[in-house]
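So the structure is just underneath, and the comments pick up after that.
Nothing in this text is a laboratory measurement; each read-out follows from the coordinates by a stated rule. This one's a predicted model, so the numbers in the text were calculated from it and none came from an experiment.
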Amino acid sequence: MQVSVSARHGSLQPGDQELIQEKAIKLRRLYDRVNLIEVTVDLEHTDKPGVEIQVSIEHAGECVAKAEASTVIAALPTINCWNSAKSASAEIA
């Protein structure tokens, strides 16, 4: 499984990229058919950065979720992509 973290309109704080990757890898424990996770952090509005996660799931397509919060790390737990992923897997079964 590949995890890609990128930033638009700025750079991530030291350590944020590693923390985001660690959290993204944990998604694999919830759903074992994950092939690729792409996290894009939008720093255009520094007071409310946005985080977008695209998850590619084998036999289920893609799940895209977005969130905004006061910090990048605070936005991560508010992203809810797994309801879509579980719905897609239920359609396959």
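On a straight-distance basis, which aspartates and glutamates could pair with residue 23 in a cross-link, Cα separation under 17 angstrom, same-chain partners fewer than 8 positions away excluded? Candidates past the 8-residue exclusion: 32, 38, 52, 68. Here the 3J(HN,Hα) profile of segment 21-29, calculated from phi with Karplus coefficients 6.51, -1.76 and 1.60 at θ = phi - 60°, is 4, 4, 5, 5, 5, 4, 4, 4, 5 Hz, Gly and Pro shown as x. Evaluating 6.51 cos²θ - 1.76 cosθ + 1.60 at θ = phi - 60° for every residue in segment 46-54, the Karplus couplings come out as 5, 6, 8, x, x, 10, 10, 10, 10 Hz, glycine and proline recorded as x.
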